[in-house]
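Structure first, commentary second.
The values are calculated or read from the model by the stated rules, or taken from the named source; none is laboratory data. Owing to the predicted nature of the structure, the values given are computational and were not obtained by experimental measurement. Ideal geometry is used to build each Cβ from the backbone, glycine not excepted, and the neighbour counts take in all protein chains shown.
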């Protein structure tokens, strides 16, 4: 066999292998989408290392994903918010990075604080909200400064301004809720809320504390939605109420008015802390699950048999898992129930007793 024939056969082999790999990938993607359509069990959809994920539907019909993603800022001061997008929730593609505004006061403060502490800065808990034809992005950091960015158009890539500047202060896991009358609110620290002017130019009032009076809702991972005229406030805590001990869970409380009073704390789901429930284009609810633990993921049987109170445990693989939810109203009460039984019930180490 001459050199040309050998090269030809080698190239054909490579093409065949690549074609087979692409076919397997397409088949796997098709299986994921099919599983999502059933809306009856958790589905792992993305391998990228991400925490505190958030999904929003854009004006173009795409789902946009943001969150906490490891960034290498050790040599560059080009901070950004990373974005993925998907048409079907099953296949995600990187959609680039959103840069902070030129001359950003946040970026300067971020690096100043990081320098004083001798640490590398990190952007955390990014959420991109589509509000009245513009994108509003909020996020925190690891050096006690937060930020709110506002786009000039429906294009998620910007450009952006930072209308609140440093007046925004520091917030753990900031989030945006827009009420039926168009009033936006900034939520953070699980149970802190503050009204914002409709053009996002400034705050419109002072910080208020909301949530259950009998027990703290959580300490981070806040999200608010409205169902059947009721406000549903989600918060995150560990099942033992001790930082880093047990499972990272989602809880909720409800109210007829945004400032309360709120109901007692209720259980929303195990292993889905900071899960930012959202509704897809078909009106179905999902929670976002990710890896948050000290040990490799357990399977459901292992989790049931072990004492999970001594460290942080999860069943979630690294990346993004979508957990189907049923959110309904029965006799005036809001019910939040994961449809996958693995996520539905509290563990044995759960300190609060639920009905």
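Exactly one residue out of 283, 319, 269 is out of contact with any strand residue (DSSP E or B) (no Cβ under 9 Å at 6 or more places or on another chain), modelled with pLDDT of 95 or more and closer than 29 Å to residue 33 by Cβ: that is 283. Of the strands (runs of 3 or more DSSP E) lying entirely inside the range 76-183, those containing at least 3 residues that are farther than 21 Å from residue 49 by Cβ are 123-131, 134-141, 147-151, 175-178.
Residue 206 - would you say it is at pLDDT 95 or above, under 28 Å from residue 264 (Cβ atoms) and assigned by TED's automatic domain parsing to the domain that holds residue 108? For residue 206, the condition - at pLDDT 95 or above, under 28 Å from residue 264 (Cβ atoms) and assigned by TED's automatic domain parsing to the domain that holds residue 108 - is met. Taking the range 139-177 as the search range and keeping residues that are on the phi > 0 side of the Ramachandran plot and touching a strand residue (DSSP E or B) at 6+ places or on another chain (Cβ under 7 Å), which one is modelled with the lowest pLDDT? Of everything passing the filter in the range 139-177, 158 is modelled with the lowest pLDDT. The residues of the range 42-72 that are assigned to a loop (DSSP other than H, G, I, E, B) and more than 15 Å from residue 90 (Cα to Cα), listed by number, are 49, 50, 58, 59, 60, 69, 70, 71, 72.
The test for being assigned by TED's automatic domain parsing to the domain that holds residue 203, within 19 Å of residue 113 (Cα to Cα), in contact (Cβ under 8 Å) with a residue 24 or more places away in the chain and in contact with a helix residue (DSSP H, G or I) (Cβ under 8 Å, 6 or more places away or on another chain) does not hold for residue 172.
Restricting attention to the range 300-316, the residues that are under 22 Å from residue 53 (Cβ atoms) and either free of Cβ contacts under 8 Å to residues at least 40 places away in the same chain or touching a strand residue (DSSP E or B) at 6+ places or on another chain (Cβ under 9 Å) (or both) total 6. Inclusion of residue 241 among residues that are modelled with pLDDT of 95 or more and within 19 Å of the chain's Cα centre (by Cα) is not warranted.
Can you find a residue in the range 294-301 that is at pLDDT below 95 and in contact with a helix residue (DSSP H, G or I) (Cβ under 8 Å, 6 or more places away or on another chain)? Taking every residue of the range 294-301 in turn, at least one turns out to be at pLDDT below 95 and in contact with a helix residue (DSSP H, G or I) (Cβ under 8 Å, 6 or more places away or on another chain).
Number of residues in the range 215-237 that are within 19 Å of residue 188 (Cβ to Cβ) and crowded, with 16+ Cβ neighbours inside 10 Å equals 16.
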